[in-house]
Amino acid sequence: MSESFIHLSDVRKIFKTRNEEFLAVSEVTFDVKAGELVSIVGPSGCGKTTILKILAGIHSYEGGTVRIGSEANPFDPSKDIGMVFQQPLLLKWRKVLQNVLLPAEILGLPRKESLDRAHYLLKMVGLQGFEDKYPHELSGGMQQRTAIARALIHDPKLILMDEPFGALDALTREKMNLELLRIWKESQKTILFVTHGIQEAVFLGSRVIVLTCGPARMADNIAIDLPYPRTLDMMTHEEFGKYARHLYKHLGMDADGSDIVEECRID
Amino acid sequence: MNDISKQARRYVLIILIHLGVVIIWHLWVTMSNIPDYVMPSPGATLLSLGEEYGWLHNTYITAVEVFGGYFLAVIAGVGLALIFNWFKTMETMFMPLMVSLNMIPKVALGPLFIVWLSYGVGPNILISFSICFLPILLTMERGLRESDPDLLDLVRTLRASRWQIFTKIQLPGSLPYLFSGMKVAVVLAVAGAIVGEFIASQEGLGYLMLQVQVTLDTAAMFMAVLIITAIGVVLYGLVLLLEYLFIGQAPKEI
Ligand SMILES: Nc1ncnc2c1ncn2[C@@H]1O[C@H](COP(=O)(O)OP(=O)(O)O)[C@@H](O)[C@H]1O
Ligand SMILES: [Mg+2]
């Protein structure tokens, strides 16, 4: 078996605010293989974003180990991370094409190649013909597609997605889920996908990591043995329901409750 | 309907409404018996240009004060905002002071400027400058600060340099703020120059207004107000042009 691409063990994160110390993440341990799409699910405020930002090198951490990359698959933190947030975070004075090119400009990649790749990626995310539009001329889903193309422009090995479809309506969201699976297959990236939707987590992930509240702890890490390519009708399969029910139970909810996990209680 | 003819119709409408106001003004004055020294007609106002009031010279003086004060304020406001952005300790130290200074009613400083600098074009430029400098500084400073933290995180994962963050994100992001501040400042710059001329001056349209007030030449006062307004409109137009050149088709609202 090949060495994992991402390895976290016993990661702890303490936020120091004024005179208080706040333990946001504790004892998080998981591995991700290269090319996997792993969902991370948990209540709001449980530390999902914090974990992604630790992986992105934005946050420091107080204990444990974080390793990304392996000998066979070296990882350069400045060039190999693509990020997508809940908000598209596009520059509103740049057209779609120029937005996609931003990371390439920052990294100083060759202009011609980047331009070709941007066109290719915009086609891949279904935005061919929208290169010269401004973000405000696009729908929310199209803006998020632009953000995905931007995350891929510098051909990073790891894509970190923080509730990327959380602000979209349910229909668009399902469509984007299918698109993401196609993009994942086409681009062969390792993707960590944070969500607080259980259905979404199961539908996308080859594995689902479950976090619980205060501080974020690993509650589970289950493989989803549903075949790819996944289709929306799989959501009605018995197998799918079993996984979903299992996760609902973990997060302390009835299966007939809402799909969205509640917020962490502040004790 | 295409965009161009839509635009054209909009401009025609704007002109018609302005013309309408002038016509109503004319009808109102001619059909009522308001005396001329209270409310001159549009025609009488226009005719006052024939009087020997040195219109050209006075317009030139006021325009120099307005444009001079405004130009200095843009240079100083933008410059200081950039300094604050690059040297955060300066910002922490002096920004609260700027906010306090903004609370001073600047026209109240007029008499002081005149004590310090005697009267003339110089002090009036200074009054105009002082009244519109802070709104420009404050909006620009805010615009530079307003970048989304997640977006900054995103470019920091790419090891973007401070200069890249400044040129690619902060500076272009601040422009809509700057232009909204600059638009507010246009009216202030005009008001500042006129107040200066009211307090102590021997030339300029504000000075002229005080002169003709004594002789109850209301038509000339009206004309002066119109020219003062026109100076503001020209300056505003220049700001719109600059805005178009810098921002172009991208959204202008914040
Ligand atoms: N920069 C910070 N300073 C202090 N506390 C923070 C900071 N960022 C996040 N937290 C706290 O850490 C916890 C986890 O936050 P986050 O990772 O954003 O949760 P999630 O993404 O799962 O909703 C929350 O209680 C939040 O208030
Ligand atoms: Mg979050």
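The values are calculated or read from the model by the stated rules, or taken from the named source; none is laboratory data. What you see is a predicted model; the values in this text were computed from it and never measured. Cβ coordinates were reconstructed from backbone atoms using ideal geometry, including for glycine residues, and neighbour counts include every protein chain displayed. Note: areas computed on protein heavy atoms with side chains; ligands, DNA, RNA excluded. Shrake-Rupley method; radii C 1.70, N 1.55, O 1.52, S 1.80 Å.
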Of all residues in the range A:193-219, count the ones that are of a type in the set (D, E, K, R) and either more than 30 Å from residue A:12 (Cα to Cα) or within 16 Å of ligand 1 (Cβ to nearest atom) (or both). 2
Within the range B:213-223, the residues that are open to solvent by less than 60 Å² (accessible area, probe 1.4 Å) and without any contact (Cβ under 8 Å) to a residue 60 or more places away in the chain are B:221
Can you pull out every residue in the range A:54-66 that is more than 9 Å from ligand 1 (Cβ to nearest atom) and within 14 Å of another protein chain (Cβ to nearest Cβ)? A:54, A:55, A:56, A:57, A:58, A:60
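Residue by residue, here is whether (1) within 16 Å of ligand 2 (Cβ to nearest atom); (2) more than 23 Å from residue A:213 (Cα to Cα); (3) modelled with pLDDT of 95 or more holds:
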{"residue": "A:45", "(1), (2), (3)": "yes, no, no"}
{"residue": "A:50", "(1), (2), (3)": "yes, no, no"}
{"residue": "A:62", "(1), (2), (3)": "no, no, no"}
{"residue": "A:79", "(1), (2), (3)": "no, yes, no"}
Does residue B:153 count as acidic (Asp, Glu), within 14 Å of another protein chain (Cβ to nearest Cβ) and open to solvent by less than 40 Å² (accessible area, probe 1.4 Å)? yes
Mind listing whichever residues of the range A:31-53 are open to solvent by 10 Å² or more (accessible area, probe 1.4 Å) and more than 8 Å from ligand 1 (Cβ to nearest atom)? A:31, A:33, A:34, A:35, A:36
Does residue A:16 count as of a type outside the set (S, T, N, Q), within 13 Å of ligand 1 (Cβ to nearest atom), open to solvent by 20 Å² or more (accessible area, probe 1.4 Å) and not in a loop (DSSP other than H, G, I, E, B)? yes
Output the residue which, of all residues in the range B:181-211 that are farther than 25 Å from residue B:116 by Cβ and surrounded by fewer than 19 Cβ atoms within 10 Å (Cβ to Cβ), is nearest to the chain's Cα centre (by Cα). B:187
Does any residue of the range B:88-96 turn out to be free of Cβ contacts under 8 Å to residues at least 24 places away in the same chain and over 30 Å from residue B:166 (Cβ atoms)? no
The range B:9-33, residues that are open to solvent by less than 50 Å² (accessible area, probe 1.4 Å) and over 27 Å from residue B:204 (Cα atoms): B:20, B:29, B:32
Within the range A:106-117, can one find any residue that is within 11 Å of chain B (Cβ to nearest Cβ), within 17 Å of residue A:156 (Cα to Cα) and surrounded by 20 or more Cβ atoms within 10 Å (Cβ to Cβ)? yes
Inspect the range A:134-146 for any residue being touching a Pro at 6+ places or on another chain (Cβ under 6 Å), under 18 Å from residue A:55 (Cβ atoms) and modelled with pLDDT of 95 or more and give the result as yes or no. no
Candidate set: the range A:143-178, residues that are open to solvent by 40 Å² or more (accessible area, probe 1.4 Å) and among the acidic types (Asp, Glu); chosen: the one nearest to ligand 2 (Cβ to nearest atom): A:169
State yes or no: is residue B:197 part of a loop (DSSP other than H, G, I, E, B) and acidic (Asp, Glu)? no
Sole residue being touching a Leu at 6+ places or on another chain (Cβ under 9 Å) and within 16 Å of ligand 2 (Cβ to nearest atom), chosen from A:55, A:37: A:55
Please work out which residue is most open to solvent (accessible area, probe 1.4 Å), limiting yourself to the range A:67-91 and to residues that are within 14 Å of chain B (Cβ to nearest Cβ) and acidic (Asp, Glu). A:76
Failed item, numbered, when residue A:25 is tested on (1) away from ligand 2 (no atom under 16 Å from the Cβ); (2) buried (at least 18 other Cβ atoms within 10 Å of the Cβ): (1)
Any chance you could count how many residues in the range B:159-180 are outside any helix (DSSP H, G or I), open to solvent by less than 40 Å² (accessible area, probe 1.4 Å) and in contact with a Ser or Thr (Cβ under 6 Å, 6 or more places away or on another chain)? 0
Residues being within 14 Å of another protein chain (Cβ to nearest Cβ) and surrounded by fewer than 13 Cβ atoms within 10 Å (Cβ to Cβ): count how many of those fall in the range B:224-253. 5
